[in-house]
Ligand SMILES: C[S@@+](CC[C@H](N)C(=O)[O-])C[C@H]1O[C@@H](n2cnc3c(N)ncnc32)[C@H](O)[C@@H]1O
């Protein structure tokens, strides 16, 4: 069987899923099996696939057919124009988080080229930490996650992008796991923010495959946000700033809880769908 024959057969299994073109998915899976860039398939469509290649293709199509996200099946995704490795231990980075990386990067760029320390709370694949380290050669980025398996993926991605020497990895639950003497010019976070009861209503790709610790924000979705508001101030440098991603509908309650915790909320900015999703705040100097 040739690539040209395999591609139209696979969409029958991939078809029921929304959002992604079945043909594109089949092409990406075949390109993965053949270790070729997808566009090269068009030059090689007449090549007869070997039995092991067909077997691998069938296995990948079946995984995707069982609603495993394409990015886990491929083991990679793109974030801020770069490739990141993924396993089911980490959240699949979302396009809106690229906006968070941009806001945070702009803030850091505005500080000039002096040395800065950054904390990425809940680093997952390391997409934010690594993108910021690549953009700011003067930054040391601390990447914290409660999941040791996620940190392994983040370490692998840091090595892939050549920034291992400027990223410090910390395993632990919340900022209390960090050395208390650390001070950050920027704390960036895309915390788990889905209300627990909503998780069961999500698409199977998310509900059944993405790590619960990356999704579950507690009863109102704001558990991690509340902890960040309470625990971050002692770790901020004098001019330190927080940049945070929020779920849809959380901007109002998040602003209230930050202000009650003594923060000054500078801005809440919209995502591409014009929903308020990115909160940035400062906290007056804090006595430890
Ligand atoms: C929504 S994911 C974000 C991952 C990545 N930063 C991104 O934007 O794609 C949240 C991450 O926070 C981590 N996490 C959840 N609770 C945590 C806690 N209390 N302390 C440290 N990390 C936590 C999860 O393991 C997960 O990797």
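Name the single residue that is nearest to residue 114 (Cα to Cα) among those in the range 127-158 being away from the ligand (no atom under 14 Å from the Cβ) and outside any helix (DSSP H, G or I).
Step by step, filter the range 127-158, then rank; the result is 138.
Against the definition (in contact with a helix residue (DSSP H, G or I) (Cβ under 8 Å, 6 or more places away or on another chain), assigned by TED's automatic domain parsing to the domain that holds residue 143 and farther than 25 Å from residue 243 by Cβ), how does residue 209 come out, yes or no?
yes
How many residues are touching a strand residue (DSSP E or B) at 6+ places or on another chain (Cβ under 6 Å) and surrounded by fewer than 17 Cβ atoms within 10 Å (Cβ to Cβ) when one looks only at the range 242-258?
Of the residues in the range 242-258, 0 are touching a strand residue (DSSP E or B) at 6+ places or on another chain (Cβ under 6 Å) and surrounded by fewer than 17 Cβ atoms within 10 Å (Cβ to Cβ).
Does the range 74-97 contain at least one residue that is free of Cβ contacts under 8 Å to residues at least 12 places away in the same chain and over 30 Å from residue 140 (Cα atoms)?
Taking every residue of the range 74-97 in turn, none turns out to be free of Cβ contacts under 8 Å to residues at least 12 places away in the same chain and over 30 Å from residue 140 (Cα atoms).
Counting only residues that are in contact with a helix residue (DSSP H, G or I) (Cβ under 7 Å, 6 or more places away or on another chain) and without any contact (Cβ under 8 Å) to a residue 60 or more places away in the chain, how many does the range 212-227 have?
7
Do we find a residue being under 16 Å from the mean Cα position of the chain (by Cα), at pLDDT 95 or above and within 9 Å of the ligand (Cβ to nearest atom) anywhere in the range 159-182?
no
Among the residues of the range 137-151, what is the count of those that are within 21 Å of residue 105 (Cβ to Cβ) and in contact with a helix residue (DSSP H, G or I) (Cβ under 7 Å, 6 or more places away or on another chain)?
So the answer is 6.
So is residue 149 surrounded by fewer than 19 Cβ atoms within 10 Å (Cβ to Cβ), touching a strand residue (DSSP E or B) at 6+ places or on another chain (Cβ under 9 Å) and within 22 Å of residue 82 (Cα to Cα) or not?
no
Rundown of residues vs (1) surrounded by 20 or more Cβ atoms within 10 Å (Cβ to Cβ); (2) within 19 Å of residue 234 (Cα to Cα), yes/no style:
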site	(1), (2)
113	no, no
158	yes, no
175	yes, yes
183	no, yes
203	no, no
206	no, no
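Could you list, ordered by first residue, the pairs with Cβ atoms under 6 Å in which the first is in the range 119-132 and in contact (Cβ under 8 Å) with a residue 12 or more places away in the chain and closer than 9 Å to residue 190 by Cα and the second is assigned to a loop (DSSP other than H, G, I, E, B) and near the ligand (Cβ under 6 Å from one of its atoms), at least 6 apart or interchain?
Pairs found: 122/191.
Give 76, 109, 87 a once-over and let me know the one that is in contact with a helix residue (DSSP H, G or I) (Cβ under 8 Å, 6 or more places away or on another chain) and within 16 Å of the ligand (Cβ to nearest atom).
Unique residue meeting the criteria: 87.
The values are calculated or read from the model by the stated rules, or taken from the named source; none is laboratory data. Since the structure is predicted, the reported quantities are computational estimates derived from the model, not experimental observations. Cβ sites come from the backbone with ideal geometry, for glycine too, and all protein chains shown count toward neighbours.
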